[in-house]
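Here is the structure we will look at, set down as structure tokens.
Nothing in this text is a laboratory measurement; each read-out follows from the coordinates by a stated rule. What you see is a predicted model; the values in this text were computed from it and never measured. Note that each Cβ is placed from the backbone with ideal geometry, even for glycine, and that neighbours are counted across all protein chains shown.
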């Protein structure tokens with residue numbers, strides 16, 4: 001969140017190994033800048049991050065520090081800096097081997113116009129309402145967007161259910177933000193061409209490496225496909241073969257996610273088959289369930305089912321992870337009523353959660369402040385704490401000495417050094433208390449373990465969900481560990497653990513003695 005990460009003043013970070021409480025802010029611009037991000041790239045890189053996803057940086061309407069209320073798609077919001085500041089950030093990130101991804105908003109414009117007499121209309125059976133007036137005579141930019149035909153004008157989505165009900169979900173306004181047309185008609189085609197050219201401008205002039213597409217679930221499939229395909233082709237024409245497009249489809253349902261991703265992802269309309277064109281999605285199903293599992297509130301079967309669901313999207317188990325961006329918390333409160341993951345969680349649980357993301361399938365995404373143990377809860381703004389205090393000169397919460405930061409960095413280094421943890425197949429492992437009767441874990445006190453296997457190598461990842469010490473036997477691959485041997489701790493433990501065989505020699509396992517909430521990676 002650019003407004004909340006850091007400003008461009010020189011500030012010495014607080015010290016010590018303990019976590020920090022983020023600075024609470026008013027629901028308005030606070031002072032973070034692009035130059036503030038650039039000045040602290042070493043802090044981000046120190047965590048092992050290879051990319052930065054920025055909240056929208058385009059000029060927004062009054063108070064919209066989060067960037068989702070855009071009035072100028074061709075300019076950087078002055079609160080954040082200038083186009084040159086964004087280009088400097090991208091150049092500095094590239095010099096460190098890091099990529100920069102912009103959050104883009106294609107489903108809706110900002111609150112740039114009103115309905116007649118400022119009336120607040122709600123979606124009602126698809127009725128189209130009259131256009132009122134533009135709020136400013138010089139916005140939105142580009143000027144092509146000043147066309148009332150480019151907006152559905154169906155009023156606001158009328159209920160919680162409406163956010164998932166077609167066609168209301170694709171045609172209704174998101175609160176006061178005005179929904180663009182995204183249908184298979186002339187106005188929609190003209191609009192999407194404007195949005196394509198507008199965003200290609202940023203690829204060419206700033207050299208960004210990808211887009212996160214906000215509210216992709218609320219776009220029509222044809223509009224999403226046209227944008228993604230055209231932008232990808234433009235990036236290719238500039239030699240950017242790795243341009244990354246991932247979308248926000250805020251749903252915990254696999255059948256919804258399956259419409260967007262994988263080898264079978266497509267939709268049918270009157271013109272034939274439409275492919276959405278996205279590389280990946282934010283994994284809301286995992287994000288909604290993983291915190292509860294890691295804290296012992298939910299059954300682990302959710303995670304086992306998650307792997308099986310991903311298999312259907314890929315040619316083989318080794319490819320399954322590339323279709324999803326995994327996370328444990330982010331900037332929106334609607335799906336995480338308990339607040340950030342660290343709210344109510346000890347350091348060890350926060351470290352294990354980040355470790356799980358880094359070692360499991362998917363592209364791990366760490367929300368700023370998690371590495372410092374931020375605990376914000378309540379509404380959106382309460383979960384978007386600042387990492388600096390502009391009321392106190394010199395105060396910065398970007399503390400690399402914090403235990404959570406340090407441990408995440410260690411796990412990241414292990415993952416970076418071991419291709420098996422990035423590309424290997426995933427198998428959740430059965431456990432046993434006596435080394436004889438093995439089964440997948442259940443309940444809220446157990447060792448959660450999975451293996452990643454890549455061409456004759458196996459790395460085990462294990463976490464004690466319980467708040468008490470545990471000693472569990474965990475199955476490992478018999479074909480890789482056929483004889484006697486040991487596993488060496490790559491993270492979280494010291495020395496080695498012996499490989500054992502079941503009495504009938506049918507199973508190979510290791511016995512892991514784990515402290516409460518301990519997270520380990522043995523190979």
Original post:
Which angle from 0 to 90°, rounded to the nearest 10, does the C-alpha axis of helix 221-237 make with the longest principal axis of the chain?
Top reply: 80 degrees
**OP:** Let me have the 222 nm mean residue ellipticity of the chain computed from DSSP H runs of 4+ only, each contributing -39500 (n - 2.57), with the sum over all residues rounded to the nearest 500.
**Re:** -7000 deg cm²/dmol
**OP:** Over the chain, calculate the relative contact order: mean separation of alpha carbon pairs under 8 Å at least 6 apart, over the residue count, as a percent.
**Re:** 13 percent
Original post:
By per-residue mean of other Cβ atoms within 10 Å, what is the highest-first order of 43-54, 459-470?
Top reply: 459-470, 43-54
**OP:** Give the angle, between 0 and 90 degrees and rounded to the nearest 10, that separates the Cα long axis of helix 403-417 from the longest principal axis of the Cα atoms of the chain.
**Re:** 80 degrees
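Within 10 Å, count the other beta carbons around each residue, average over each peptide in 435-443, 206-214, and list them highest first.
Values: 435-443: 13.6, 206-214: 22.4.
The peptides rank, most packed first, as 206-214, 435-443.
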Original post:
With a 10 Å Cβ neighbour count serving as the proxy for reagent exposure, in which order, fewest first, do 202, 335 appear?
Top reply: 335, 202
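Rank by packing, highest mean first: peptides 179-190, 237-248, 477-488, with packing defined as the count of other Cβ atoms within 10 Å averaged across residues.
On the way: 179-190: 18.2, 237-248: 16.6, 477-488: 13.5.
Sorting 179-190, 237-248, 477-488 by mean packing, highest first, produces 179-190, 237-248, 477-488.
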Original post:
Using the count of nearby Cβ atoms within 10 Å as a rough guide to exposure, how do 161, 523 rank from fewest to most?
Top reply: 161, 523
Original post:
Between residue 166 and residue 92, 0.36 nm times their residue separation minus their Cα-Cα distance comes to what?
Top reply: 22.3 nm
Original post:
Over all Cα pairs of the chain, how is the pair count split among 20 Å bins, expressed in % and running from 0 up to the last occupied bin?
Top reply: 21, 53, 23, 2, 0
**OP:** Relative to the longest principal axis of the C-alpha atoms of the chain, give the angle of the C-alpha long axis of helix 83-95, reported between 0 and 90° and rounded to the nearest 10°.
**Re:** 20 degrees
Original post:
For the stretch 405-471, what percent of Cα pairs sit more than 15 Å apart?
Top reply: 62 percent
Subject >> Percent of beta bridges antiparallel (DSSP, the stretch 8-146, rounded to nearest 5) >> reply: 50 percent
